[in-house]
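The values are calculated or read from the model by the stated rules, or taken from the named source; none is laboratory data. It should be emphasised that the depicted structure is a prediction, and the values quoted were computed from it without experimental measurement. Because the Cβ atoms are built from the backbone with ideal geometry, glycine has one as well, and the counts that use them run over all protein chains shown. The accessibility values were calculated without ligands, DNA or RNA, using every heavy atom of the protein model including side chains. Shrake-Rupley method; radii C 1.70, N 1.55, O 1.52, S 1.80 Å.
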Amino acid sequence: MRVKHEAPIVITNKNVSNAMIHFNPTTQTFNLVLATSFYAFQVDAQGRLVHLGWGPRPAGAGDADLLSGQVSWERTDTTASFETQTQPDELLTFGDVTFHEVSLKVEFASLPIPLAPGEVAHLPIRDVRLRYTGHEIAMNGQPGLAPSHGLPTAVDSPRETLRVRLRDPVQPFAVTLCYRLTPEHDIIERWCELENEGGAPIRVELLNFAALHLPRGVTELTAVSGAWAREFTTQRERLRPGICLLEHRTLQTGHSNNPFFLLNRPGQAWEEGGIVYFGALAYSGAWRIAFEQLSTLDVRVHPGYSPFEFELMLGAGERHVTPAVVCGVSAEGWGGASRRLHAFTRERVLPRPAEMPRFRPVLYNSWEATWFDVNHAGQAELARRAAAIGVELFCVDDGWFGARRNDRTGLGDWTVSPDAFPDGLRPLADEVHRLGMQFGLWFEPEMINADSELYRQHPDWVLYFPGRPRCEARNQLVLDLGRPEVVAYLHAALDRLVSELGIDFIKWDMNRYASEPGSAAGKAIWRVHVAAVYDIMDRLRRAQPGLAIQSCSGGGGRIDLGILARADQVWVSDNTDAFERMRIQEGFSLAYPARAMEAWVTEAHNTLTDRHSRLNTRFDVAMRGALGIGSNLTQLDAAELAEYAAYIAFYKRIRPVVQEGALYRLERLEEFGASVIEYVARDGREAVYSVVVHEHRVGEFRPAPALRRLIVGGIYGVFDRSGVEIHRATGYELMTQGIPGDAAGGAGHSRTLYLEQV
Ligand code: DGJ
């Protein structure tokens, strides 16, 4: 029997074709059609939503080529004792499914219908079933924690969201599954909305943003792991049968894993070939992505909130909207998956207000130059030198406030230190502006030192459990953002300084994980903290549309598509050693775009790794993202400063292609010990080619890799950083033979070249 659905409400917009989302009322089949991929599901006879397929569209497929739903999932033998629950529901609920992984687990306090004679209630009822009741196509649907700053993104054309409404047949509980399409990048954002339609609270125990069903055998996982100063280490492994987890259980995204994945059939994808499924969470709190391989070899991905300490109480009439998982499929290998995520993030995620320069400015950051020893004279001298070499944004790091002379005191006291800046920071900010640069300032809003005025006044403002120690890490405690007065204090402190000093850029840091998570918000603190951080950032940006934010958490601890909707760039790692950095940046590039990747050139001797590296290597690595300088400019002589200036001038020439071009990883470190990457402008007329050799065995030669996506018949000049044309070739030659000259380059050889159609 077909379940009757509510008359579908279809909101149309005359500027946008509806052809991407098809619904066949006869077969009750949904087909979502994107540029090169498809996604399909169907309402079955019980009203369950059953997944039909997801993958690349066959070449030549036309408008009429849609799935009818006739071939559905293959049932296992229902007379067998085991493995009968493999139906691929679009959202898997504990009830229809009990012994495989589910997307949603809920407790109902009572039964709203009379018990049958002899039945016992068995409360709470932990069984939820969702049946189709209707759907609509909405324009510009928004997932949970979507930015509220109201700033535009690079592309703001309306997008269709398919909203499919499901309801429990017995309990007053509804779930809407949402699919927002960005067809040009083959991307679907998925999330769900929960609604308590009754009068009693409903406890949600586990909640994923969606369930992703992948074809059988898609079991090779590429993801990143790491730690402080070792972020984004690429990991490739075969999923074993059962469950494999990527997760982080803190108040930020975390260093040990990052919430994105690439999946393909083992041996059937490579950098530029093969079908690759990918996904990334738009969320900066405790998260989990579970990968499940069933005994049927089906693969499911379950992205969502970490269930480790999860609680969501839905009061009478309340709704909860989850953040989104951004997912897609590419038939162009890992590189194609990365490029889709990069383009999507650049065009649809990163804020791009008109008040901001088109490209991310060249930054100077004082941290590695002066550490906590900041004062007016020292910073002003650095600023003058920075301006002279072409820096566009000068950021004063930690140490400018309260009694902050080291990491044991002052955190939380957001007033300018009278010792370091007797006349306040305004004279420095004015000097930086007078020098033609933007002014940036470091904050760590969520933290507090026990030795601070704020803590002496409000010892209860931190996360703790009474009777238990308040464990410090880096001598600091975590503020309880579950208290509205704490959020109000932080917003007011930052807002005041932004307007008083004319701050153009906030470096928002967060230097520890949570320990005792006792909060006024109870267990909900994990979600509430993230929402509060987003809210403060969004309000600051709304008030000052030209304000930029850098997300940092002891390096790369808070990088994800949720934070990138309110941060312009991220600090990827505290490890600024060029060679280490190259490996970290390669892992970062699997999911995130160069435009958002802040990368500094620091001094020749790296104190973290004790390695010396040449200036060309340091620049060639840092110019792969949003260039920054972290060296102590007062220690450099005139010749060195002139070299810095020449590199910065060259970077400004290549910056449009680096920050907005498509990235090709022509040679990955793991293959030949060298990293060769190319950025290509959208029209193919310009490109940037960057080679850095890390390991080189004498007698081994490295063939020049072929370039990609140039204009076949175009003639290109290849220029070095002095603007000298060192090579001229057609697009055809470059895309078949590459650029000669790096074959015997030993460890430490590196160069960045600019290609332009002549
Ligand atoms: C950690 C950051 O990653 C560094 O860049 C620096 O800002 C320090 N915190 C300051 O305490």
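Descriptive notes on the structure:
- Summed over segment 306-332, the residues that are open to solvent by less than 10 Å² (accessible area, probe 1.4 Å) and either among the aromatic types (Phe, Trp, Tyr) or at pLDDT below 95 (or both) give a count of 0.
- Scan segment 581-603 for residues that are among the small types (Gly, Ala, Ser), assigned to a helix (DSSP H, G or I) and either at pLDDT below 95 or under 11 Å from residue 234 (Cα atoms) (or both) and the total you get is 1.
- Residues located in segment 717-758, provided they are among the hydroxyl-bearing types (Ser, Thr, Tyr), farther than 24 Å from residue 618 by Cα and open to solvent by less than 50 Å² (accessible area, probe 1.4 Å): 730
- Of all residues in segment 533-557, exactly one satisfies the criterion of being more than 11 Å from the ligand (Cβ to nearest atom), open to solvent by less than 10 Å² (accessible area, probe 1.4 Å) and small (Gly, Ala, Ser), namely 548.
- Sub-6 Å Cβ pairs linking a first residue in segment 354-368 that is more than 16 Å from residue 655 (Cα to Cα) to a second residue that is of a type in the set (Val, Ile, Thr), at least 6 apart or interchain, are 364/391; 364/629; 366/396; 368/602, ordered by first then second residue.
- From the options 316, 403, residue that is within 16 Å of the ligand (Cβ to nearest atom), assigned to a loop (DSSP other than H, G, I, E, B) and touching a strand residue (DSSP E or B) at 6+ places or on another chain (Cβ under 8 Å): 403
- Filter result for residue 278 (closer than 30 Å to residue 155 by Cβ and in contact with a His (Cβ under 8 Å, 6 or more places away or on another chain)): no
- Yes/no for residue 468 being assigned to a helix (DSSP H, G or I), among the basic types (Lys, Arg) and over 27 Å from the mean Cα position of the chain (by Cα): no
- Residue match in segment 452-465 (condition: open to solvent by less than 10 Å² (accessible area, probe 1.4 Å) and within 16 Å of the ligand (Cβ to nearest atom)): yes
- Among the criteria (1) closer than 23 Å to residue 656 by Cβ; (2) under 35 Å from the mean Cα position of the chain (by Cα); (3) touching a residue at least 60 places away in the same chain (Cβ under 8 Å), the one residue 748 does not fulfil is (1).
- Members of segment 406-420 found to be within 11 Å of the ligand (Cβ to nearest atom) and open to solvent by less than 20 Å² (accessible area, probe 1.4 Å), listed by number: 411
Matching residues to (1) of a type in the set (S, T, N, Q); (2) modelled with pLDDT of 95 or more; (3) open to solvent by 20 Å² or more (accessible area, probe 1.4 Å):
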residue	(1), (2), (3)
161	yes, yes, no
169	no, yes, yes
178	no, yes, no
190	no, yes, no
213	no, yes, no
225	yes, yes, yes
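- Of everything in segment 389-400 that is assigned to a loop (DSSP other than H, G, I, E, B) and in contact (Cβ under 8 Å) with a residue 60 or more places away in the chain, the residue that is farthest from the chain's Cα centre (by Cα) is 389.
- Verdict on residue 584 being within 16 Å of the ligand (Cβ to nearest atom) and under 25 Å from residue 486 (Cα atoms): no
- Of the candidates 394, 344, 401, the single residue that is under 30 Å from residue 39 (Cβ atoms), open to solvent by less than 30 Å² (accessible area, probe 1.4 Å) and of a type in the set (Phe, Trp, Tyr) is 344.
- Residue match in segment 279-300 (condition: part of a helix (DSSP H, G or I) and either open to solvent by 10 Å² or more (accessible area, probe 1.4 Å) or more than 16 Å from the ligand (Cβ to nearest atom) (or both)): no
- Of the listed requirements (1) crowded, with 24+ Cβ neighbours inside 10 Å; (2) part of a loop (DSSP other than H, G, I, E, B), residue 575 misses just one: (1).
- Some residue of segment 554-574 being closer than 29 Å to residue 459 by Cα and free of Cβ contacts under 8 Å to residues at least 60 places away in the same chain: no
- In segment 228-248, residue surrounded by the most Cβ atoms within 10 Å (Cβ to Cβ) [restricted to those that are assigned to a strand (DSSP E or B) and over 22 Å from the mean Cα position of the chain (by Cα)]: 243
- The set of residues in segment 362-388 that are away from the ligand (no atom under 15 Å from the Cβ), open to solvent by less than 10 Å² (accessible area, probe 1.4 Å) and in a loop (DSSP other than H, G, I, E, B) contains only 362.
- Residues in segment 558-570 that are over 11 Å from the mean Cα position of the chain (by Cα) and within 12 Å of the ligand (Cβ to nearest atom): 0 in all.
- Residues (out of contact with any Lys or Arg (no Cβ under 9 Å at 6 or more places or on another chain) and of a type in the set (Ser, Thr, Tyr)) located in segment 323-370: 366, 370
- Counting only helices (runs of 4 or more DSSP H) that fall entirely inside segment 613-716 and contain at least 2 residues that are under 27 Å from residue 574 (Cβ atoms) and open to solvent by less than 60 Å² (accessible area, probe 1.4 Å), the qualifying elements are 615-622, 638-660.
- Selection within segment 666-688 - closer than 19 Å to residue 234 by Cα and among the β-branched types (Val, Ile, Thr): 676, 677
- Residue among 716, 689, 732 that is within 28 Å of the chain's Cα centre (by Cα), of a type in the set (Phe, Trp, Tyr) and not assigned by TED's automatic domain parsing to the domain that holds residue 271: 689
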